[in-house]
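I have placed the structure first, in the form of structure tokens, so that the comments after it can refer back to it.
Every number here is computed from the coordinates shown, using simple stated rules; none is lab data. Every value quoted in this text rests on a predicted model; they were computed, and no experiment measured them. Cβ placement follows ideal geometry from the backbone for every residue including glycine, while neighbour counts extend to all protein chains displayed.
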Amino acid sequence: MRFLLFFPLFLFAFKIDFSPCFQKYKNIKELIPVTKNRSVTFSKLHNYIFFDPFTKMYVVKQKNKNPIKFYDNAKLGWFMAFVNYESVYGGTFAKDMEFLNFAKLSVKGEINSIVTDIFCKAYGVGRGDGFLKSEFIKHFVKYGYWGDIGIEVDKNMIVKSIDPFYVKDIKVGDKIVKINLKPANVKTFSKYVILGKKGDVIVIKTNKTTVALKVRKKLYNFTPLIYYGIEIDKNLKIIKLPESIIQKTFVKPPAKLIAVNNIKINSFEELKKILSFNKNVTITVKKDGITINIPLRR
């Protein structure tokens, strides 16, 4: 067993002791009991009911006599630790989650550890490099998806890309100022959109207009090309083409997407941005050294 307490020197002055938390969570190994019949883990499994490709979390069916009670609203600067059956890594809550990017403590911990405060209240599950907060865990365990409204924004609420088939009157570069009448920021976007339920109506106010959008299920590696039956991975490799295009062009996956409307594409982010402006586009793909233009019209 490893029982490791890694603290910045100033923590010793306060005599911070997470040993009661170790006693409370010393049975935590691979599976984290969240409800009476569901657990989560960041270890790769084959038998699971939900898998999240964004955070790499698995949800499994499991009978739990004593599921862990998870609390929300951890505060930056709190003394907190990663705790599991063999180790304790103590530090402070150093960085909050930004969308689906993990929160951070001032130290790294073990995978599948409980993130706890000094009162041994659980606030998330650790993956070593950070942790997924409890409100996100509880949402995914219950629903098995994240919410989406066809808009991607940066942390300053500037629109980076949109789904032109789903969103009207909002453009790339617009700034979202309010979400459901609340000031728009990472926290409110996460609360109403990412943690939203399918069908929920979200009112978005930008610096130019106000629109109402329904929450839908967030898809991994989504681009508007999905409306044409085309799937692209993060490396711009085409992994799926509809049979109608294959018959016309004789191109079969895998192939490389290299341009849209004669504009060279170098990254997945560039692809999403340029697809935000038009529904009807012409993509250029490369297969076996041959480039082919494929017009897409709806």
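For Lys240, nonlocal amide neighbours, meaning residues 5 or more places apart or on other chains whose placed amide H falls under 5 Å from its own, are Glu231. For region 64-69, 3J(HN,Hα) computed residue by residue from phi via the Karplus equation (6.51, -1.76, 1.60; θ = phi - 60°) reads 10, 6, 10, x, 6, 8 Hz, glycine and proline entered as x. Both radii are taken from the alpha-carbon atoms of region 60-120; with Rh as the Kirkwood radius, Rg/Rh is 0.99. Approximating the spin labels as points 7 Å out from Cα along Cα→Cβ, the Leu45-to-Trp78 distance works out to 2.6 nm. Here is the size of the chain from its Cα atoms: Rg then Dmax, 22.4, 73 Å.
At a temperature of 10 °C and a viscosity of 1.306 mPa s, determine how fast region 224-296 diffuses translationally according to Stokes-Einstein, using the Kirkwood radius over alpha-carbon pairs as Rh; express D in µm²/s, rounded to the nearest whole number. Estimated via Stokes-Einstein, D reaches 131 µm²/s. For region 147-217, the Kirkwood estimate of hydrodynamic radius, built from reciprocal distances between every pair of different alpha carbons, is 11.7 Å. The modelled label-to-label distance for the pair Asn27/Val201, using points 7 Å beyond Cα in the direction of Cβ, is 4.7 nm. Highest mean packing comes first when the peptides 169-180, 89-100 are listed by Cβ atoms within 10 Å, giving 89-100, 169-180.
Across region 212-223, computed HN-Hα scalar couplings (Karplus, 6.51 cos²θ - 1.76 cosθ + 1.60, θ = phi - 60°) run 10, 10, 8, 5, 10, 6, 6, 9, 6, 6, 6, 9 Hz from first to last residue, x flagging Gly and Pro. Using only the C-alpha atoms, the convex hull of region 15-55 corresponds to 115 Å³ per residue. Under the simplified labelling scheme, the Asn37-Asp288 pair shows an inter-label distance of 5.2 nm, with each label point 7 Å from Cα along Cα→Cβ. Residues whose amide H falls under 5 Å from that of Ser113, counting only those 5 or more places apart or on a different chain, are Gly126, Gly128, with hydrogens built in the peptide plane. Each peptide in 57-67, 139-149 gets a packing score, the mean of other Cβ atoms within 10 Å over its residues, and the list from highest to lowest is 139-149, 57-67.
Cross-linked pairs Lys65/Lys108; Lys155/Lys214; Lys75/Lys160: Cα-Cα separations exceed 24 Å for Lys65/Lys108; Lys75/Lys160. Helix 134-143 and the long axis of the chain differ in direction by around 60°, with both axes built from C-alpha atoms.
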